[in-house]
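Comments concern the structure below.
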Amino acid sequence: MKHRFIVIDDSELDCFIAEKMIKHTIENEQVIAFTEAARALEYITQQGAVTDQPKAILLLDVLMPVVSGFDFVEAFEQLPPDVQRSYLLVALTSTMNKNDLSRISGYKSVKHLLDKPITAEALLALLGEIDATAGEPLAGSL
Amino acid sequence: MPGKIKILYIDDEPNNLTGFKASFRIDYQVFTALDTTEAEIILEKHPDIHVIFCDQRMPVKTGVEFFGEMRSRFPLPVRILLTAYTDIESVIDAINHGHIFRYVKKPWNDADIMSAIEEANKFYISNSLLTVKNEELKIAYNELDKFAYSVSHDIRGPLSGILGAINVAANLNSVTEMKEMLALMEKSVKKLDVFILSMHDYYTLQRGELQLTEIDMNYLVAGMQDMYKVYANAHQISFTAEVNQQEPFRCDAFILKLILNNLLSNAFKYQRKELDNKRVALRIEVSRGTATFWVADNGIGIPRHHTEEIFTLFFRATSQEAGSGFGLYNVKDALIKLNGDIKVDSVLGEGTTFTITIPNK
């Protein structure tokens, strides 16, 4: 089951790394990267709800200028529920203090955390986690 | 300290009040009150009263009681008790509880009063300084916290990016991909370098003392043109400079260059890429004791609601280009050191002009 990936990170280099990591570790070609969260939001809104494919995994950098990861999640949670259900939010953490860490994991739609720089092992572990919890009933969420 | 020290004297005997005022009104600004209610009204109106003399034996409450009660409402004025009686117990008690600074025996001699005032005033001043320093420390701590957090992110960010790139390198198949990645890594490293240099500027500004020399604006501008020539040509940005220096100008050359460099590098960086006639213009005018600098561009501009915030440390108004987050903060800091001023005029999507004024030293 191939997940689509969306990467949102203000660092071009980090987007590049995420893309390459995903493509080579899981041999997955479906990666779209955005360096501006605002553009990503536009894209997601345009795409609407996606029901015929497994959820797209969204790797979201938290500390970004102008529109931060926090701003993005807050805007994301305003989208219609069926659009939200098409995505799985993973927050990319790096040198974050406790306050920011607990703040980002406090959001309902942020399901997982992944540390930067992304390594092959961490990516595989994340996918294992995601696929394991995928079988659980959605009762009570969103 | 400009002006005369303000002192307040409270006594239920009017003759004492008159006598006191007569003796001391030349050297000090004397306020008098017949009772504690009147005294509190005066203290409300004049919060900068430094010393309060109060008689101990008064009808409604004693001086010690008054001082004990008003202390929390008016913590700053230094409290001195005047007492003829050997009410020593309560006086000692009051001194020990910090309610009063000292006591002076009645009838007083002028020298005793004046030395008490001078001592009390010194105490007042050092306490005020302490309060000021405490406030400054609080601000400094806050800044340090913000700083430590941002610095670790802004330094670790590029570094962990490069680490990630090294991890990925093992998986890359083509030289083209490798070259693509190396170019991105180079950007990271440069960003880190700029950040560290800006941080260095930040510290230099904090610690350094002004070194004033005569500034030749034409020479300064020639240096700037030299510095940006290559970049300007490579990105098709026209760079014009105009100097009108009518009198000698003394300033700190390092700080001046820091200001201009930060503004110019921003002007060059935040351009509208697709524009045909990109330009950056520098104009300098020195006349009537002031130097005015205009740095103008026709680039991306700054959103109106951000024009104040851009001077905040680590604030970024755009994700278009990597800024260190220090630049404009350093500029503002530098201008404070030079007693100068800065104004921003910007229209989003059209361009920005910064106007700096610096008085001649």
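The values are calculated or read from the model by the stated rules, or taken from the named source; none is laboratory data. Remember, it's a predicted structure, so these values are computed and weren't measured experimentally. Virtual Cβ from ideal backbone geometry, glycine too; neighbours counted across all protein chains shown. Note: areas computed on protein heavy atoms with side chains; ligands, DNA, RNA excluded. Shrake-Rupley method; radii C 1.70, N 1.55, O 1.52, S 1.80 Å.
Values as computed for the structure displayed
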| read-out | value |
| --- | --- |
| Under 5 Å, built H, 5+ apart or other chain: amide partners of residue B:241 | B:282 |
| Table column - 3J(HN,Hα) (Hz), the range B:184-192, Karplus curve with 6.51, -1.76, 1.60, x for Gly and Pro | 5, 5, 4, 4, 4, 5, 5, 4, 4 |
| Contour excess over end-to-end distance, with Cα ends at residue B:13 and residue B:34 and 0.36 nm allotted per residue | 6.9 nm |
| Solvent-accessible surface ranking, highest first, for B:300, B:41, B:92 at 1.4 angstrom | B:41, B:92, B:300 |
| Amide H partners (placed H, <5 Å) of residue B:279, local residues excluded | B:238, B:298 |
| Accessible-area value, residue B:227, 1.4 Å probe, nucleic acids and ligands omitted, Å² | 100 |
| Modelled FRET efficiency - R0 45 Å, residue B:206 with residue B:175, Cβ distances, 0.05 increments | 0.45 |
| FRET efficiency for residue A:42 and residue B:244, using Cβ-Cβ distance with R0 set to 41 Å, rounded to 0.05 | 0.30 |
| Accessible-area ranking of A:51, B:213, B:355, largest first, probe 1.4 Å | A:51, B:213, B:355 |
| Label point distance in nm, residue A:122-residue B:213, each placed 7 Å from Cα along Cα→Cβ | 4.8 |
| Whole-number Å³ per residue for the convex hull built on Cα positions in the range B:6-108 | 88 |
| Given A:23/B:278; A:108/B:273; A:2/A:98; A:55/A:116; B:187/B:332, the pairs whose alpha carbons are separated by over 32 Å | A:23/B:278; A:108/B:273; A:2/A:98 |
| Dipole of the protein assembly as shown [Lys/Arg +1, Asp/Glu -1 at C-beta], most positive-end residue of A:101, A:122, B:305 | B:305 |
| For chain B, diffusion coefficient by Stokes-Einstein and Kirkwood Rh (Cα), 10 °C, 1.306 mPa s, µm²/s | 61 |
| Length-normalised contact order of the range A:5-128 in % [C-alpha pairs under 8 Å, at least 6 apart] | 26 |
| Spin-label model distance (nm) - residue B:350 vs residue B:231, 7 Å beyond Cα toward Cβ | 2.6 |
| Full-extension gain in nm, residue B:187 to residue B:159, via 0.36 nm per residue minus C-alpha separation | 8.9 nm |
| CD proxy at 222 nm, helix term only [per DSSP H run n ≥ 4: -39500 (n - 2.57); per residue of chain A; nearest 500] | -12500 deg cm²/dmol |
| Whole-Hz ³J(HN,Hα) from phi, Karplus 6.51 cos²θ - 1.76 cosθ + 1.60, for the range B:286-291, glycine and proline x | 10, 7, 6, x, 9, 9 |
| Exposed-loop-free span, longest in chain A, where trypsin sites (Lys or Arg not before Pro) count as exposed if DSSP calls them loop and at most 15 other C-beta atoms lie within 10 Å | A:3-107 |
| Between the range B:1-41 and the range A:69-102, the alpha-carbon center distance in angstrom | 66 |
| For residue B:54, solvent-accessible area (1.4 Å; no DNA, RNA or ligand), Å² | 0 |
| With all protein chains modelled, accessible area of residue B:283 [1.4 Å, Å²] | 90 |
| Within the range B:232-295, GluC sites (Glu not before Pro) in DSSP loop having at most 16 other beta-carbon neighbours inside 10 Å | B:274 |
| Distance between modelled label sites at residue B:97 and residue B:115, nm, 7 Å Cα→Cβ extension | 2.9 |
| Backbone N under 19 Å from the residue B:134 label point (7 Å along Cα→Cβ), restricted to the range B:86-125 | B:97-101, B:121-125 |
